[in-house]
Structures are given as structure tokens and as C-alpha cells.
1. Excluding the sites themselves, what is the longest stretch of the chain that contains no trypsin sites (Lys or Arg not before Pro) in a DSSP loop with at most 13 other C-beta atoms within 10 Å?
2. Of the residues 248, 102, 290, which exhibits the maximal mean-square fluctuation in a Gaussian network model of the chain defined by a 10 Å Cα contact cut-off?
3. Taking the Kirkwood radius as the inverse of the mean 1/r across Cα pairs, report the Rg/Rh of region 75-132.
4. State the extension gain, in nm to one decimal, for the chain segment bounded by residue 93 and residue 267, taking 0.36 nm per residue of separation less the distance between their alpha-carbons.
5. Of the accessible area of region 15-146, with the probe set at 1.4 angstrom, what percent is carbon plus sulfur?
6. Quantify how much of the Cα-Cα distance distribution of region 156-378 extends past 26 Å, in percent.
7. By how many nm would the segment from residue 20 to residue 137 grow when fully extended, if each residue of separation counts as 0.36 nm and the alpha-carbon distance is taken off?
8. Taking 7 Å along the Cα-to-C-beta vector as the label spot, tell me the residue 257-residue 333 distance in nanometres, rounded to one decimal.
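The values are calculated or read from the model by the stated rules, or taken from the named source; none is laboratory data. All figures in this text were calculated on a predicted structure; none of them were measured in a lab. Counting neighbours? That spans all protein chains shown, and the Cβs are built from the backbone with ideal geometry, glycine included. We work out accessible area using only protein heavy atoms, side chains counted, and drop any ligands, DNA or RNA first. Shrake-Rupley method; radii C 1.70, N 1.55, O 1.52, S 1.80 Å.
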Amino acid sequence: MSSTAPQPPSAAFTSDDYRARMARAAAQAAEAGLAGLLVAPGPDLTYLTGYRPTADTERMTLLVLAADGEARLVVPALEAQDAERAPGAAALVPDPWTDAEDPYALTAARLDAKGIYGISDNAWSLHLLALQGALPHTRYRGLSDALPMLRAVKDERELERVAAAGAAADAAYEEILRVPFAGRREAEVAADLAALLLAHGHEQVDFTIVGSGPNGANPHHEAGDRVIAHGDMVVLDFGGLKHGYGSDTTRTVHVGEPTAEERRVHDTVRAAQEAGFAAVRPGAACQDVDRAARAVIEDAGYGRYFIHRTGHGIGVTTHEPPYMIEGEERPVVPGMCFSVEPGIYLPGRFGVRIEDIVIATASGGRRCNTTSREMAIVG
Ligand code: ZN
Ligand code: ZN
Ligand code: ZN
């Protein structure tokens, strides 16, 4: 395995970037009729402030972003120094609280007692229930429900990071083709994939799916003790974070020569992936990407074996809105990036999935994964 030293992104995000993101989030909150946003540690806080507490504990940390743009960070006093070092700290008013104080009373004093607030999906119920107790007339909506597209449209530097993460995942794929498959357990190949992602600059591996033979027909299979055999189709789906932004790619390889049916199924998925990619253009709805990919699989007679949505957004997490799924009528907007990943799963036999991350541009889709989508033959 060759290794590539992590390259720093061309430019780090500055406090101005975070200030602009918070201003945009506040404006969206106002437009949605919210009094503000309550953002707990997790992807939204990372996105809005760059602050990632080392531990999310029972001591409440909460960004209180009012619809007028005022941003306060309610933070345990013993973590205030860490918070001050966050890249977006200059755009925040710190609101530290000590163990002798009640953080919910402190927060309640900052809120509109009759307002509706969007709150992070992953906020602890401990904190939300206590806030509800302090302000019984305040109401709450889940942030992904209230502002589903908050992080969906990326700026140039975010897109640069998504592209770099994709290139690193591609490099990992090129190298995994050279390791032995036959006679090794799925978990061993998965460990190789994880090591390759790290060697190519990822700081975090989120998943390394190795689904051989019948395990490939289970889209949620991760990797297990099954020993890969000659004649197996093997689904490889892997990704994680590089410089804070996600990768996620799938290729399906075969150990030795495939049968005519295996080739037909793989060709069908490849054509579906191509059709989904071609449907990525401004003016299209997210569901059009799903429809385009699904039509190819249905026309080939495998419609009932394509058992998941065609894609999901990617950014500071590896799964987030927008979703490429029937019923999602929101438009594809330049700057969105998401997966296009159709599959066919034949229960008890084998599965095939092919996945690229695609950036929507003014003129169509741009792939972040450029390795061959043809069926690679491995040993
Ligand atoms: Zn086979
Ligand atoms: Zn994937
Ligand atoms: Zn995916």
C-alpha cells in the first residue's frame, strides 16, 4: 500500500465563512417562521461554527442563533477555552455557565418565550425537556424537518473538499483491486479498505462494506467472517471524512470470470447509474434522478430488486439531505452534492451497486469519483 501524506486544503474556513453561514441560517429560520435555531454539538454545529467539542456530555452546549442573526454559544465554563479556539468563535458571543448555575434558565432568558425554535435532530432529550420545563409556551421543530436544505448547497471550498475526499476514495479503490480476495474473509478486505482510506488522508472511516456472494444482496451487510470464494460477486462500499468532508463510493467486482447473468445485472446497474447521473441538471427535481436510474432497472425486469432510494446528500456527514427519492420535488441546485447509487439485489445470490458522488453544476453533473465503473475482475 502506498501512502499519500494528507494535503491541507488550499484554504481553511475563516470566521467570516462561519459568520456568513450563520447569517444565512438565521435568514432561513426567519423565512420559515422560526424565532431561531438551537444547535447542539454535531454536524450542524460543526458546519455553522467549526466547533467540535471533544465530548458531548450531560453538560449542555448549545448554539442559540436568533432569527435576527445574533449568535450566542451556551457552553460549560470548563470548556469555554476550547470553544474560543473554534474557527468560528469570533462570530459568536460566548455564554459560559458554571456548575453552580442552571444552563436552562440561562438559555431560557435568551429565548422568545412564545417563539418556535428549530432544534438539532441529535440534541439530547435531557436538554430539550429541561428547556420545555423552563419555557412551557415555547415550541420546537426538528432542524432537518424545518430547514432540510440548510447544508445542502455547498460553496466552492466545501466542494473542493468533497472532490478531494472522492479522489482519495478512488485511490483506495485502485489499490484494493491489487489485494487478494479469494480465500480471505470479508472483514480482512474491509480492514484493508479502511487502512487505505486513512493512508490517503481520511481522518475518519465511516464504513467499509464488503458484501460477497449472497451477502452482497443485503445492502446493509457490512463485512463479516464469510470467506470470499472464486466466482463471487463482491460489493465494495466505503467512505469517511477527509478534512471534515465526506467520501462514499461503491464498485462491484468479481472474483474470476463472471457468468453471463452476472454481467447482465452489472451492465444494467451501470446503465442505471449513467442515466441517474445524466439526469443531474439545474431545473430537474431530486426525484427525477431516482426516476431516471430506476427506469433502466425496471425496463431490464429487475425493478423489484432495486430496494432503496437512488441517492443522498454528502458534506460534513456521509448521509444528509437532499435525498434522491420519489416524492422529493425540491430542485437540484448547483452546489449540491449527492450520491447516485442504484443497485440490484438478488436474495440469496448476489448484489450489484455502483455509486459515485456527483456535484450539481450550472451545466450538469460533475463526478467526484472517476474510477472505472466497469466490472473489475479480482483474484
Ligand atoms: Zn460469479
Ligand atoms: Zn455508499
Ligand atoms: Zn451512499
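1. Formally, the longest exposed-site-free interval is 179-379.
2. Maximum fluctuation in the GNM of the chain, among the listed residues, is at 102.
3. 0.98
4. Result for the pair: 57.1 nm of gain on full extension.
5. Summing carbon and sulfur atoms, their accessible area is 52 percent of the total for region 15-146.
6. Within region 156-378, distances greater than 26 Å cover 30 percent of Cα pairs.
7. Going from the current span to full extension adds 39.1 nm.
8. 5.2 nm
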